[in-house]
Amino acid sequence: MLDVIWLSVDPEIPARSYWDQTLLSELLKDCNHWEVSEIPNYVTEAIVIIPGAYQGKHIHKINQELSKLYKCKVIITSDEENNFPIDELLGDVEVYATYYNPKYKREIKWLPLGPAKIDYQDYVEKDLDWFFAGQVNHKSRRELVSELENITGGLLIKTDGFAQGLPQDEYLSLMNRAKSVPAPRGNISPDSFRFYEALEHGAIPIPEDRRYWTHLFDMPVPSVGNWEEIALEIHQAQDIKERNKVFAWWQREKFNIKTDLIGRDDITVVIPVSPIKSHPSTEIIDETIKSIRYQLPNAPIIVTFDGVRDESKHRDPDYQEFIARFLLKYNNQNIYPVIFKEHTHQVGMMREVLKDCSEYIIYVEQDTPFTEDYIDWQGCKESIGKKVNLIRFHFEAFIPEPHEYLMMGEMKATPVPLIRTKQYSQRPHITTRQFYEKILSNFSDNAKSFIEDKMHSVAQQFPNEYRLAIYNPEGSMKRSYHTDGRAGEDKLDETQVF
């Protein structure tokens, strides 16, 4: 497990607890954390986080401490005025920092400020078109307030000073009810906690100038040239699809920052989602994710939300609310959500996210949870690539008699017991990214279909090329089950394009 060192070489200056370190604490919560004034000699590789505003004069001592490490990434936080001499950091270190400033010469990966508090709230109806609570202490904010006072449907609260307004929990509860949040610049930097607190609650922040943000990320967030344009942006934020798109983007952005800092797990779980009868309830996918977390507590999960086909347009309002509920519930839960604007089906969605997957892929449809029975994941990974390419986890305790003709015998000389099969099924399975490329090569460029509906015949025709297997431990082989999300509805097979 990676070490994270919160470093303050001045014992009188805290290394941690600054508001702009909240996001880093969340993204790195699974690492080993140290708060020190000297880096222990036995630590050889680490992420070192330094509150920069208070330690610039100690740069020589900081360089001495960093030189103890064979490999490190340095993150400079808490320095809105950019006082820390980043260019004087020595050695072959990767440097990250908050509060973008173009004055530095060395290469820096700029990080978002993040929210002041990671807040977990239940889903509520967003009954505020807009919400702004804050100081009115400079020209830009006075112009904003002047516009907001003429826009109905929102809530304006003027405060006496920074952090002197509403209690934080009440402030964040109001943020959770908002569809949009005007985000004027801070006193020094355009960055602000408000911008990210809006994102954390599924609201769309509206900054006044997007030029600053382009140095941090490519964002789908609107902005205004002046506050006279705010009414139009507030109106556009009423669209739940726009809010879902922005919320999903923010969660992917955090996921990518975490991956850049600590690396990628060797397993990625992929869950495809489409509109079903039970939406907007998240109950069915909740059960599936709970089962995945029981089996693989730390694996990243990519959830692909398909676009709505014409035949299912009546489900769109419930589906969009389902997505909004899901995004709030699983924010900061190692989930990578991808929303497709158009109906793309399993083949198209998998093609799009394959580049974001790890070496090993576990594919689990939204209504096919794992059981709580033991699965030897390491043994499965070791088995793949030797004599099999894909291992499926069966939904019954034995092979049903009608399927026996598709079985090709037990395999004992593999790290886990398996049954060879020429039966392809999209039920939960583990394979590799490379093998999924091979699977998807069987479909046309414009394919919109279930993967199984073509692959079952391909696998039967070329069993020795595809080398499929079923996990076959002693006793019951059942390792998954079905919660029937479609609930008997037509699969619309006639609309599929292979």
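The values are calculated or read from the model by the stated rules, or taken from the named source; none is laboratory data. Small disclaimer: the values here were computed from a predicted structure and weren't measured. Don't worry about glycine lacking a Cβ; one is built from the backbone with ideal geometry, like all the others, and counts go over all protein chains shown. What goes into the accessible areas is simple: the full protein's heavy atoms, side chains included, and nothing from ligands, DNA or RNA. Shrake-Rupley method; radii C 1.70, N 1.55, O 1.52, S 1.80 Å.
Numbers at a glance
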{"item": "Hits in region 285-312 - residues which are open to solvent by 10 Å² or more (accessible area, probe 1.4 Å), within 23 Å of Lys448 (Cβ to Cβ) and either outside any loop (DSSP other than H, G, I, E, B) or in contact (Cβ under 8 Å) with a residue 40 or more places away in the chain (or both)", "result": "Arg309, Asp310, Glu311, Ser312"}
{"item": "Per-region count, region 286-302, residues within 14 Å of Pro369 (Cβ to Cβ) and of a type outside the set (S, T, N, Q)", "result": "9"}
{"item": "Residues being surrounded by fewer than 13 Cβ atoms within 10 Å (Cβ to Cβ) and either among the charged types (D, E, K, R) or under 19 Å from Val347 (Cβ atoms) (or both) - total across region 451-483", "result": "5"}
{"item": "Single residue of region 355-372 satisfying the filter (under 20 Å from Asn298 (Cβ atoms) and surrounded by fewer than 16 Cβ atoms within 10 Å (Cβ to Cβ)) that is nearest to the chain's Cα centre (by Cα)", "result": "Glu359"}
{"item": "Residues satisfying the stated conditions in region 32-71, i.e. open to solvent by less than 10 Å² (accessible area, probe 1.4 Å), small (Gly, Ala, Ser) and more than 26 Å from the chain's Cα centre (by Cα)", "result": "Gly52"}
{"item": "Region 327-354, subset polar (S, T, N, Q) and open to solvent by 20 Å² or more (accessible area, probe 1.4 Å), residue farthest from the chain's Cα centre (by Cα)", "result": "Thr344"}
{"item": "Boolean, Ser274 is surrounded by fewer than 20 Cβ atoms within 10 Å (Cβ to Cβ), at pLDDT 95 or above and more than 12 Å from the chain's Cα centre (by Cα)", "result": "no"}
{"item": "In region 176-226, residue most open to solvent (accessible area, probe 1.4 Å) [restricted to those that are β-branched (Val, Ile, Thr) and in a loop (DSSP other than H, G, I, E, B)]", "result": "Ile188"}
{"item": "Scope region 184-204; condition more than 10 Å from Phe131 (Cα to Cα) and touching a strand residue (DSSP E or B) at 6+ places or on another chain (Cβ under 8 Å); matching residues", "result": "Pro184, Arg185, Pro190, Asp191, Ser192, Arg194, Phe195, Tyr196, Glu197, Leu199, His201, Ile204"}
{"item": "Flag for Gln21 being under 24 Å from Tyr212 (Cα atoms), modelled with pLDDT of 95 or more and assigned to a helix (DSSP H, G or I)", "result": "yes"}
{"item": "Among the residues listed as Ala397, Ala447, the single one being open to solvent by 40 Å² or more (accessible area, probe 1.4 Å), in contact (Cβ under 8 Å) with a residue 12 or more places away in the chain, among the small types (Gly, Ala, Ser) and closer than 26 Å to Gly485 by Cα", "result": "Ala397"}
{"item": "From Gly225, Gly165, residue being free of Cβ contacts under 8 Å to residues at least 24 places away in the same chain, more than 22 Å from Leu23 (Cα to Cα) and more than 29 Å from the chain's Cα centre (by Cα)", "result": "Gly225"}
{"item": "Residues located in region 15-31, provided they are surrounded by 15 or more Cβ atoms within 10 Å (Cβ to Cβ), of a type in the set (Ser, Thr, Tyr) and either in contact with a strand residue (DSSP E or B) (Cβ under 6 Å, 6 or more places away or on another chain) or more than 20 Å from Gln333 (Cβ to Cβ) (or both)", "result": "Tyr18"}
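Quick grid of which residues meet (1) in contact with a helix residue (DSSP H, G or I) (Cβ under 9 Å, 6 or more places away or on another chain); (2) not β-branched (Val, Ile, Thr):
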{"site": "Val273", "(1), (2)": "yes, no"}
{"site": "Pro280", "(1), (2)": "yes, yes"}
{"site": "Ile284", "(1), (2)": "no, no"}
{"site": "Tyr294", "(1), (2)": "no, yes"}
{"site": "Ile301", "(1), (2)": "yes, no"}
{"site": "Lys313", "(1), (2)": "no, yes"}
{"site": "Phe326", "(1), (2)": "yes, yes"}
